[in-house]
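Report on the following structure.
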Amino acid sequence: MTLTSCTSHNTQVLNSSEPLDLTHSKIAAQEYWVAAKLVSPKYPVANARHKIAGCSRFKLSINSNGETVDTELIESYPNNKFVAPSQGALKQWLWTPTDQNEARKAITRLVQLDFYMTDAKNYAQAKRHCAVGTQY
């Protein structure tokens, strides 16, 4: 008689270079990194001409050098014309680690960029749609 058995062990080790996911809270993200250089995106010409307001939401990572990397679009309202200028600006953002982040731990967080003009045709709708809580 032969008896055999098989067991499996979870050998997955958490990679310490993986960014810490803080997409659930802007406050938690600010405990690791604070903005050192913010670049404002240019208002898209077509949206300005047609008096369209809106926003773009992104998930981004901040690496251990304080650079913005891996920007991923979550949503753009009311059209995608805000995406390219937003991504261009975000890639230039630089961050400084807080005193709590001496190890310079990379993180992933959410960011929203708003585009408003007071005489926009959709000002009220954009303000409602782009209202944010503590996530962004």
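FYI, it's all coordinate maths here, none of it is from the lab. All figures in this text were calculated on a predicted structure; none of them were measured in a lab. FYI the Cβ positions are ideal-geometry reconstructions off the backbone, even for glycines, and counts take in every protein chain you see.
Overview of values
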| item | result |
| --- | --- |
| The chain: calculated mean residue ellipticity at 222 nm from DSSP helix runs of at least 4, using -39500 (n - 2.57) | -4500 deg cm²/dmol |
| Viscosity 1.306 mPa s, temperature 10 °C, Stokes-Einstein D of the chain from Kirkwood C-alpha radius, µm²/s | 94 |
| Selected from N79, S40, Q30, residue furthest toward positive end of dipole (the chain; charges at beta carbon) | N79 |
| Restraint check, K51/K91; K37/K105; K81/K121; K26/K121; K59/K127, Cα-Cα greater than 24 Å | K51/K91; K26/K121 |
| Amide H contacts of E75 (H built 1.01 Å from N, under 5 Å, at least 5 apart or other chain) | R57 |
| Efficiency of FRET between K59 and Q125 - r from beta-carbon atoms, R0 22 angstrom, step 0.05 | 0.35 |
| Exposure proxy ranking, count of Cβ atoms within 10 Å, fewest first, for I107, I27 | I27, I107 |
| Relative contact order (%) - criterion: Cα under 8 Å, at least six apart; region: region 37-127 | 42 |
